[in-house]
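*Asks:* Got a structure for you, questions after.
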Amino acid sequence: MFEPVLSNPWVRALGAVLALALVGILVYLLSPVLVPLFFAFIVAYVLDPIVDLFEARRVSRTLSIAGLAAIGIALLFAVPLFFVPSLIQQADQLTAAAQEDDSGAESSLSIWFYQTVSFLPLEHILDALEPE
């Protein structure tokens, strides 16, 4: 009964386009779940040879995964601690450099920039982050 309709190439093409559109809509709706899952698969793929290396040296797989996770979390917290003070210091130098023009007179743009950035407590943040 449906054989002549389903054998039509236009009906098949329309069915393929509709199926592709439904898959696209499903992927779009599931993207908050799929993106982190995709990155988890990439991390697992990259770190698997390291875990296999530890496993060949008779370290348990669970212990090596836990160690790599601890190192990753430590790096995740340590990297900003190195870059934030430098970034704040450079922003402070930028505001100081923007105050003065090459001729020594302040331009309207540098005055506006200084007034805008002066609301940020950059010096206080830098003082708080510097080691004693």
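*Asks:* Looking at region 108-130, which of its residues are of a type in the set (A, V, I, L, M), part of a helix (DSSP H, G or I) and under 19 Å from Gln89 (Cβ atoms)?
*Replies:* Residues satisfying the conditions are Val117, Leu122, Ile125, Leu126, Ala128, Leu129.
*Asks:* Quick one: would you say Ala19 is at pLDDT 95 or above and within 28 Å of the chain's Cα centre (by Cα)?
*Replies:* Answer is no for this residue.
The values are calculated or read from the model by the stated rules, or taken from the named source; none is laboratory data. Predicted model only: the values in this text are computed from it and were never measured. Quick reminder, even Gly has a Cβ in these numbers, built from the backbone with ideal geometry, and neighbours come from all protein chains shown.
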